[in-house]
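Below you'll find the structure, written out as structure tokens, and then a few comments.
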Ligand code: GLN
């Protein structure tokens, strides 16, 4: 093997948990990993995470939510896989773009170095150049943490994942045994006669072992807890101790997963194996707060309509979670119903009648936008609480321009290039761009909030710092007319309108930014809390 030249500081990061998946994707490997992280954080450790996405895209920004679910936005503007959102929510941390390693990023960097002459004279190869770059990225992202969870996307055996598994094998080889844990999450299906089957798990562990990796911990995803006999079999055939096999059965609420794996003793086992047990907070002091939060009693249920074009639950995952967080704070169950915006184009009355509140989320492209505008008109005219996010905010401006200002045909220049009234227009700095990837107005920007407004009441401050992802803005030429007609822009950032609200309405609130990305179970997002307040006042407490 050619000699390696990694250039990294081996002291970066202390302990690492590598998480791989077997049998099939979509098993909830990320939630299992994030839940393990939560328990370690509750035990007093600084936990961070790295998500590896073995695709050739440099980032998730250009990917279709239909296929991949939502594009999550980090504070530094990184457009990443939605799993990073789960880590931020479970661990209550802010991650950076460097915490998402993609094949596109790794290869781009190595090829750029090759062109610059950094490898002069050498043949540039997957091993060691690509694997070294992967190791460097993992170590650097782990800097300063006690435990770094590294989740490898996809399933063991995928060609795309091979360089990563090889890099992690080398990584483990270079580190002390008690610093690394391999956790493999697999599926344990039922046979027709109701038996839990371990063969798929055995096969996927065999696959792992053939590339030199022996899992330390196996987590079996199953609709029910694993039987004693199933655990025994997995232990024997996959060559792990009996107490290293854990169940992770289906639950209704992902925030209960940490409680469940705590009951299984996964956290204790991990801390023992990583030699962290002596440093952990006493058991009684660890998880009470989380348990109290996620199991708190709720009174009643409110029904929220999400008017969007993507039927996939994952496409709006951060909005779903933000509604749940607000529900935890207001102690109410939030039932979310997806309403296909294309079905509302001919009128929203009727279709939305049994909704206690309406959310119009972000999006791109014209499909379904007339339905969104209809839903907003319905909410405005019928005093139904409304929250508009990014495109939802922009469509609220369009609706107001059309139906209150009387500007017939008003629209966003993104969706109708010919509109006579482009009340939403391209940001000036976007005009000369050629590349689509990573070029929107992205990440954190500070918004100045007008005192005495709903926004001020919600944020309790005269600024807020939220995350963005857009190319269009409220056209400054129409702001005076819109305000004269009653619309209030209560938050601005330089020339850009960031928040809108309406007086004399239970709750009519829109944001150009995406508050859902900063919402946490422990810290619900103010616009979402205000939304539920509006909903609860509208239902007269009889929800
Ligand atoms: N398409 C709109 C824009 O680019 C809204 C983007 C969004 O909803 N994230 O401004």
Radius of gyration and Dmax over the Cα atoms of the stretch 150-191, both given in Å
12.7, 42
Where Rh is the Kirkwood radius over Cα pairs, Rg/Rh for the stretch 215-263:
0.99
Cα axis of helix 82-91 to longest principal axis of the chain: angle in degrees, 0 to 90, nearest 10?
80 degrees
So what is the diffusion coefficient of the stretch 398-470 in µm² per second by Stokes-Einstein at 37 °C and 0.692 mPa s, using a Kirkwood Rh over Cα pairs?
221 µm²/s
Round to the nearest 10 and give me the degree value, 0 to 90, for the angle of helix 29-42's Cα axis relative to the longest principal axis of the chain.
90 degrees
Mean separation of Cα contacts under 8 Å (at least 6 apart) over the residue count of the chain, i.e. the relative contact order in percent, is 15 percent
Taking the convex hull of Cα positions in the stretch 186-278, its mean projected area over all directions (nm²)
6.8 nm²
If each of residue 301 and residue 450 carries a label point 7 Å out from its Cα toward its Cβ, how far apart are those two points in nm?
3.9 nm
How far is it, in nm, from the label point at residue 140 to the one at residue 403 when both lie 7 Å from their Cα along the line to the Cβ?
5.0 nm
Quick one: what does P(r) look like for the stretch 238-300 with 5 Å bins over all Cα pairs, in whole %?
3, 14, 21, 22, 19, 11, 5, 2, 1, 0
What FRET efficiency, computed as 1/(1 + (r/R0)^6) with R0 = 25 Å and r the Cβ-Cβ distance, is obtained for residue 92 and residue 24, rounded to the nearest 0.05?
0.25
Hey, rough spin-label estimate for residue 483 and residue 174, points 7 angstrom out along Cα→Cβ, what's it come to in nanometres?
5.7 nm
Residues in the stretch 158-187 that a label on residue 211 would reach, taking backbone N under 12 Å of a point 7 Å out along Cα→Cβ:
158-170
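Between residue 331 and residue 504, what FRET efficiency follows from the Cβ-Cβ distance if R0 is 22 Å, with the result rounded to 0.05?
0.20
So what is the relative contact order for the stretch 320-397, in percent, with contacts set as C-alpha pairs under 8 Å and at least six apart?
Rounded, it is 30 percent for the stretch 320-397.
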Which FRET efficiency value, to the nearest 0.05, do you get for residue 463 and residue 125 by plugging their Cβ-Cβ distance into 1/(1 + (r/R0)^6) with R0 = 60 Å?
0.75
Using only Cα atoms, tell me the angle between helix 103-116 and the longest principal axis of the chain; keep it within 0 to 90° and round to the nearest 10.
80 degrees
Can you show me the helix-derived [θ] at 222 nm for the chain, built from DSSP H runs with n ≥ 4 at -39,500 (n - 2.57) apiece and divided by the number of residues, rounded to the nearest 500.
-9500 deg cm²/dmol
For the chain: rounded, prolate or oblate by the Cα gyration tensor [a/c cutoff 1.5]
prolate
Paramagnetic reach from residue 272 (point 7 Å along Cα→Cβ, amide N under 14 Å) across the stretch 235-249
241-246
Residues in the stretch 250-278 reached by a label modelled at residue 228 [backbone nitrogen below 18 Å; 7 Å Cα→Cβ]
264-265
Could you tell me the largest-minus-smallest coordinate of the C-alpha atoms of the stretch 389-543 on each of the three principal axes, in descending order and whole angstroms?
49, 36, 28
Highest-first arrangement of 57-64, 321-328, 170-177, 242-249, where packing means the average Cβ count within 10 Å
321-328, 242-249, 57-64, 170-177
Using only alpha carbon pairs under 8 Å that are at least six residues apart, calculate the relative contact order of the stretch 447-495 and give it in whole percent.
52 percent
Can you pull the semi-axes for the stretch 1-125, root of five times each eigenvalue of the Cα gyration tensor, sorted largest first, whole Å?
28, 20, 14
Just order 117-128, 366-377 by mean Cβ neighbour count inside 10 Å, highest at the front, would you?
366-377, 117-128
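Quick one: pull the percentage of alpha-carbon pairs in the stretch 374-428 with a separation above 13 Å.
Distances greater than 13 Å cover 58 percent of the Cα pairs.
A short reminder: the numbers here are calculations on the coordinates, not readings from a lab. Keep in mind it's a predicted model, so treat the numbers as computed, not measured. We place every Cβ from the backbone using ideal geometry, glycine too, and count neighbours over all the protein chains shown.
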